[in-house]
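None of the figures in this text is laboratory data; all of them are computed from the coordinates on show. Because the structure is predicted, anything quoted here is derived from the model rather than measured. Here Cβ is always computed from backbone atoms with ideal geometry, including for glycine, and neighbour counts include all displayed protein chains.
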Amino acid sequence: MMKKRMKEASQMSDLIEKNYDRTKNSVCYIVGAGVLGESSFAFSYRGLLIAADGGYNRLKDLGIIPDFLVGDFDSLENVPQDVPTEKFSEEKDQTDMMIAIDKGFDLGYTTFAIYGGLGGRLDHSIANIQLLSYISKKRGRGYLIQGDTIITVIRDEQYKIKGQDQGYLSVFSLDKSAKGVTLRGLKYGIKDAELNNHYPIGVSNEFIGEEVSIQVKEGSLMVLWTSKNPEESLFPYSLGALDFVSELKVLR
């Protein structure tokens with residue numbers, strides 16, 4: 001077992017050095033144990049796929065083997081032998097999802113598409129929304145995806161979404177105050193407004209077929225919207241053409 005782990009570590013070191021630059025245009029997919037929303041779970045497998053604990057079972061049901069499995073494995077009856085694993089103590093400060101995100105960052109990824117992070121236990125869902133803010137603070141971009149719903153967090157920046165004929169979009173301040181908020185390309189536009197975290201004025205806006213622009217000059221916004229094709233809604237702007245295919249399969 002020790003020799004196997006040493007071999008995997010050596011292979012991983014070589015892989016990081018070889019593919020670090022290529023991760024700039026790739027996605028780290030993470031699957032948790034929440035509601036998967038299989039209708040939207042059709043990733044083209046460009047990048048890295050990590051299972052966070054019970055997310056392994058979700059993938060197994062779909063006949064998919066991840067590149068990595070991390071967590072305390074309290075949701076698994078046995079430790080799988082068909083995938084490289086990193087096991088942690090059940091008594092820890094990080095959630096399994098946060099461990100998976102840190103793994104992606106360690107491998108050079110900055111864009112995260114998280115499935116199975118909503119539904120199930122409410123506290124886990126809230127924790128995963130907080131992790132979107134964690135990713136944002138580390139200069140990355142994280143998306144929680146369930147069915148046709150997408151959630152992300154933006155901070156002191158402008159963010160664009162591909163135009164679509166229908167669907168809803170809501171924005172919520174995660175700080176006491178989010179200043180300089182401007183919304184364009186939606187049914188209800190605002191300019192240089194201030195939102196707070198106790199009055200949900202940004203809920204239930206609507207797409208009108210135009211490119212959407214969301215800007216916050218100071219503070220953090222949670223942005224939630226619906227799309228018939230979540231990946232198409234996300235990645236044309238954030239990544240462009242994606243052609244990186246994971247080479248972590250060599251570990252198995």
TODO: Report the full-extension gain for the segment ILE64 to ILE190: residue separation times 0.36 nm, less the Cα-Cα distance, to one decimal in nm.
DONE: 41.0 nm
TODO: Provide the convex hull volume over Cα atoms per residue for region 97-235, in Å³.
DONE: 101
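Pairwise over distinct Cα atoms, reciprocal of the mean inverse distance: report the Kirkwood radius of region 58-100 in Å, one decimal place.
Numbers: mean 1/r = 0.0895 Å⁻¹.
This gives a value of 11.2 Å.
If each residue's Cβ is checked for other Cβ atoms within 10 Å, how do GLU231, GLU91, GLU86, GLU211 rank with the fewest at the top?
Numbers: GLU231 21, GLU91 6, GLU86 15, GLU211 12.
Starting with the residue having the fewest Cβ neighbours, the order is GLU91, GLU211, GLU86, GLU231.
Would you calculate the convex hull of the Cα atoms in region 153-229 and tell me its volume per residue in Å³? Spell out each step's value before the answer.
On the way: hull volume 5.3 nm³, N = 77.
Taking the convex hull of the Cα positions in region 153-229, it is 69 Å³ per residue.
Could you give the length gained on full extension between GLN94 and LYS179, defined as 0.36 nm per residue of separation minus the Cα-Cα distance, in nm? Kindly include the intermediate steps, with their values, before the conclusion.
On the way: separation 85, 0.36 × 85 = 30.60 nm, distance 3.08 nm.
Here the segment from GLN94 to LYS179 would lengthen by 27.5 nm.
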Open item on the list: For ILE99, ILE214, which order do you get if you count the other beta carbons within 10 Å of each Cβ and list the fewest first?
Closed with: ILE99, ILE214
TODO: Averaged over every viewing direction, what's the projected area of the C-alpha convex hull for region 131-174? Give it in nm², one decimal, please.
DONE: 3.7
Task: 5 Å-binned pair-distance histogram of region 95-146 (Cα, whole percent) - done: 5, 22, 35, 25, 10, 3, 0
